[in-house]
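The values are calculated or read from the model by the stated rules, or taken from the named source; none is laboratory data. Keep in mind the model is a prediction, meaning the values are calculated, not measured. Neighbour counts run over all protein chains shown; Cβ positions are idealised from the backbone, glycine included.
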Amino acid sequence: MQQSSTRMTPKTGGERARASRSEKRRRNSSGAAYAVFRRERMPVYSQFATAVTGSAAVGQGLAQSSLDDLRGRWSAALRSESPASYAWRLFTDVTAPYRTSTVRFLYENLRAEEADALLLSYRLGLSAAAGGEVMGLPPDAFELLRRTALMNANHPRGARNMSTSNA
């Protein structure tokens, strides 16, 4: 049997050290990005969770819990199309079981993203730029969601379904 001429050569001590330093820098950079993301999002996540649960203590706890969970998924968030959108979906999934009856009604009658846009706009007072940033959307997409939500709020799903079934 002939031996292949392309052998894997073991890394030298210097190559291993450089690779290790490079990996450490990447992890530190990722950790720093997560820390900045958390610091920027915590106030809005806490306010949103407070608005949907009706409790500041529960809202604060859900925001912290969601962002703690995101830490373990941060590399997946960074690989996604939009880390902010990835984080927002995780966060809203965490808050869903704790919604007040009024907020549940909103989510039952609108698409979830529409309800999110209404709450961010009218309960938290965020602009299209700020709301879009939180949800991981461009401002014009956020504004479209908000406007669609307002239109659909005047014609809940049940009313729209009834009007189309009589046609």
Qualifying residue in region 83-99 (condition: part of a loop (DSSP other than H, G, I, E, B), surrounded by 14 or more Cβ atoms within 10 Å (Cβ to Cβ) and at pLDDT below 95): no
Near pairs, Cβ below 9 angstrom, 6+ apart or cross-chain, from region 136-156 (on the phi < 0 side of the Ramachandran plot and among the basic types (Lys, Arg)) to any residue that is in a helix (DSSP H, G or I) and surrounded by 14 or more Cβ atoms within 10 Å (Cβ to Cβ): Arg146/Glu114; Arg146/Ala117; Arg146/Leu118; Arg146/Leu120; Arg146/Ser121; Arg146/Ala128; Arg146/Gly131; Arg147/Ala117
Residue pairs meeting the criteria (Cβ under 8 Å; at least 6 apart or on separate chains; first surrounded by 11 or more Cβ atoms within 10 Å (Cβ to Cβ), in region 29-42; second of a type in the set (Ser, Thr, Tyr)): Ser30/Ser75
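Table: residues versus (1) small (Gly, Ala, Ser); (2) under 26 Å from Leu150 (Cβ atoms).
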{"site": "Thr53", "(1), (2)": "no, yes"}
{"site": "Arg73", "(1), (2)": "no, no"}
{"site": "Ser85", "(1), (2)": "yes, yes"}
{"site": "Ala96", "(1), (2)": "yes, yes"}
{"site": "Thr100", "(1), (2)": "no, yes"}
{"site": "Arg104", "(1), (2)": "no, yes"}
{"site": "Glu113", "(1), (2)": "no, yes"}
{"site": "Leu118", "(1), (2)": "no, yes"}
Candidates Ala84, Ala51, Ala56, Ala63, filtered to the one that is free of Cβ contacts under 8 Å to residues at least 12 places away in the same chain and aliphatic (A, V, I, L, M): Ala56
Any hit, region 134-153, residues being farther than 26 Å from Gly61 by Cα, at pLDDT 95 or above and acidic (Asp, Glu): yes
Scope region 104-120; condition in a helix (DSSP H, G or I) and either surrounded by fewer than 17 Cβ atoms within 10 Å (Cβ to Cβ) or over 19 Å from the mean Cα position of the chain (by Cα) (or both); matching residues: Arg104, Phe105, Leu106, Glu108, Asn109, Ala112
Filtered residues of region 47-71 (kept if of a type in the set (Ser, Thr, Tyr) and surrounded by fewer than 19 Cβ atoms within 10 Å (Cβ to Cβ)): Ser55, Ser65
One residue from Leu110, Leu120 being touching a residue at least 60 places away in the same chain (Cβ under 8 Å) and over 22 Å from Ala33 (Cβ atoms): Leu120
